[in-house]
Structures are given as C-alpha cells and as structure tokens.
1. What shape does region 388-430 take by its C-alpha gyration tensor, where a ≥ b ≥ c are the square roots of the eigenvalues and a/c under 1.5 counts as rounded, a/b above b/c as prolate, and the rest as oblate?
2. Beyond a 19 Å Cα-Cα separation, which of these cross-linked pairs lie in this structure: LYS5/LYS363; LYS71/LYS143; LYS71/LYS164; LYS285/LYS446; LYS62/LYS335; LYS2/LYS323?
3. Please turn the phi angles of region 146-156 into ³J(HN,Hα) values with the Karplus equation 6.51 cos²θ - 1.76 cosθ + 1.60 (θ = phi - 60°), one per residue in order, whole Hz, x for glycine and proline.
4. Any idea what the dipole of region 160-261 comes to, in debye rounded to 20, about its Cα centre with Lys/Arg Cβ at +1 and Asp/Glu Cβ at -1?
5. Excluding residues fewer than 8 places away in the same chain, name every one of the aspartates and glutamates whose C-alpha is closer than 19 Å to that of LYS225.
6. Give me the three principal axis extents of the chain from the C-alpha atoms, as integers in angstrom, largest value leading.
7. Under the definition of Cα pairs under 8 Å and six or more residues apart, what whole-number percent is the relative contact order of the chain?
8. For SER376, what residues show an amide H to amide H distance below 5 Å, using hydrogens built from the backbone and excluding near sequence neighbours?
Amino acid sequence: MKRIKVDYNYVMDKFVAGGLSEEKLDEYKEKAKLGLSRLLRMFDDGQAGFIGLPEQNLAPIKKFAKEISGKFNDLIVIGIGGSSLGVETVCNAMLPFGYNARSFAERGCFPRVWVADNVDPTKISSILSECQPEDTFVCIITKSGSTVETAANFGIIYEWLMAKVKNPKKQICAITDPEKGALRAMANEKGFVSFDVQPNVGGRFSVLSPVGLIPAAILGLDIDKLLEGAMSVHKDNYEQILTLSAIYMYFMDQGKNINVMMPYSSRLVSFADWYCQLWGESLGKSRTTDGKEIAFGTTPVRATGTIDQHSQVQLYKEGPNDKVFTFIEVLNHDKDRKITSPYEAYDYLNGHGMGNLCNIELKGTEAALKNAGKPSVKISLDLVDEFTIGGLFMIWQYIVPVIGLACDIDPFDQPGVEEGKDYAYALLGRKGYDATKAKFTEIYKKQDDFIV
C-alpha cells in the first residue's frame, strides 16, 4: 500500500478551465522524463549525490548518537538555509509541540533543541540564556565552511562554552566538507568530532546526509525509517515525480508564476519552509535564449491550513489566477480528539475528530478553488512519521532538479545568492575582497531626498 499518494484531479481540464488535457499531460511527462534521465546520468557521473543518500551506512551516526545519549539537556544546531531548515522540518514533524520546553528534557525524553540560524542578537541571546554550557551539545553545520552567519553564531557560542567548560571540544560536532573549508580545518585542529557532507551533495539537498541525520539521531528519532521513506519513491518507477514535474512545468508555461505549498497540519509548516528554499534557490535563475537573457522560475509561497483559510485564501480564490496550489493532507492525525460542543449553536461539531475537521476544511478549500478555476494538486500521507517525512524530502529533491534540467536550468547552483554574500564579506573586511568592496561602493548609492 502506498503511504504517500498524489491526487491531481483538479489540475485536469475535465475539472478546471485551462487545465491539462490527458494529451498535454503525456507531452509534459515526456519533457519530465528528459529531465529525469539527465539527473540520473549526473548521479552515475558522480554528481547529484543526494540520490545515493538512502543507501548510506548509518552505523557511525547511530554509534555517535548512542555515545552522547542522556548526557546533555540541550542541543544547539548552528546552521542556516539547507543546514537548518531540514532539521527544523524533522523536529516540527516528529517532536511534540513545545519540544524545546524544559519539561521534556527534565523527563529525559530527549534534549531540548534550538536552531541558531539568523544573526539576530536577540535570538542567540535568548537561546544562551535558557541553556547551561556544561549541559549543552553543539552541532555546527556548514558544507562550505565559510557561511558568515554560521561562523558568527559559532564564535559567540564557542566563547560561551570556553568560559565555563574545561574541554569544550567534547561538546561540539562539526558537519562539513570532508577536506575543504575553514570549518574542516578548525575541526581537525581543535579535535572536534566531525562528519562529512559529500562534495556532490549540495546544501539544500543535504537533509538526508549527516546534516539532518545527526541531530535526528541525537533526538532519538528513527533515521532508518527516514531513509526507507526516501528510498520508497523509486518503487513506482518515478511515476509520482514525473506526474508532478509535468504538472508544474505545464502551469509555468501557462503563466502561473506562484506555487503555493499549503499543508493542512501544523506539523508540516517547517516542511513548507524547506520546500520554499529548495524551489526558489534551485529554479529562480536567468538563462540565455536566442541571445537574450530571460528570467526563469516561479515564486514559492508557504501557507498553512486551516490558519490561512482565514487570510490568504481570500486572495487565492478571488485574486489573480497566477497560482498553482499544492495541498498536503494527513489522513490519520496522531493524538486526535473528539469535539464536544459547549453550546447548542456548535452542536454540528459533536462527534467529529479534530483531524477530521481539518481534512473537511481542506476539501472545502479544494472545492472553492476548483469553483474559481484555480488548479490544485493534493499529496496525501497516511500519517506523519519518519517514513513519510523521508519520502516527502526525496520526492521534492527529485522534482526540482527534474524541472530545472528539463528546462536547461542548472538547479544546483545559486549565483544570485553569492553576489550578496560577496558584498557582505567585502564590508566585513575579509581578505581578497577589495575589488568587490569598490564595486559595492559604486553600486550602493542613495539620496536623502528619498528617505522620509
């Protein structure tokens, strides 16, 4: 039995004006097959290493997690983007709400977990005020080893540890490139325990590498199941991947320039954030066509059901028809509760489960958007566990490069991000960035007339 199913009724022209005909779907599936064949060829050539991650040896990760199990009250994960969003997705999906609450750590369930991502002084100060240095384990994650936000947060946390802990290296794990970068050099010099991110695994494709698996294992989650779920996406001969890739490419060509990811579960909010990075950074590119520079890509947007039925859905139903929607449904919600009416006006709720209500509201939103001619697909999970989360990760890690490669876009680089980083390095005085600083000075000009 499939644990993840894709329902694409409401993107078809039988139901939605301007939708896909069966002939068009077959046509775009052929285009998706081209992208998939290019992706699999890259894997065979030693690139696109994320494809092989479900077959990795987990023994070293499990051994390490077991060695530190029960020794720390808090886990601080230092990373940003691909080095943090996957970790947050796993925590959001698999740990109880309030998982960084003191009571869970005191009961010995698992360490509290904190993510030091942004360089917001209030955030890092709040984390450190809640933790005790001697009871805190730190994972620093950056594949390149040079991510400025990660370096800054680690500098503050390392100083915090040094002030109170005699041998802080026993409380630090580095996850980075096996050979290159400042973090690899520091880990080797200072004797931190370290794990490798394969050079052919990009940061935003790294959640099923030690980047996501080390924190998950420390937190007591079933990392075997994560990889089993990821492996399962191959079993239908990539049919779900090809179908979804075809759908999104068709609507790109129809001018639907916004892709809304809307899970109907608070446990999957962080997954939608992870998706937004993967989609936006991989597909938002410029390409040269017939000698002209043309922008490519669509804008990913996160929404949450049922919350955003009371905000964004007004726009989605009656606003511009420039969007395609992806709903995620959870068929069996954990810890479901029956509703008891406190007042006769609410009697229609009696006997319904909260999960049932959530899914009924999803169906209502599907119907309302269909009625307005807005296309949507729905991905249904039988329940949220490590297996289905691993499957969702891998499905989208395939879809995004399949689309990019089918459309002659490199889904594995991010030149638009690098320019802003370089300007920041120049302003910080990093060696070798003098020319970049001069360029920034020339570009970054403003007039007081336009400041109020």
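1. Note, shape of region 388-430 comes out oblate.
2. LYS71/LYS143; LYS285/LYS446; LYS62/LYS335; LYS2/LYS323
3. Values per residue, Gly and Pro as x: 10, 4, 5, 5, 5, 4, 5, 5, 5, x, 5 Hz.
4. Its charge dipole is roughly 700 debye.
5. Partners found: GLU55, GLU88, ASP236, ASP334, ASP382, ASP385, GLU386.
6. 67, 65, 57
7. After rounding, I find 22 percent.
8. TYR10, VAL11, PHE325
Readers should treat all values here as calculations from the given coordinates under stated rules, not as data from a laboratory. Note that the structure is a prediction, hence the values are computed from the model and not measured. Note: ideal-geometry Cβ built from the backbone for every residue, glycine included; neighbour counts use all protein chains shown.
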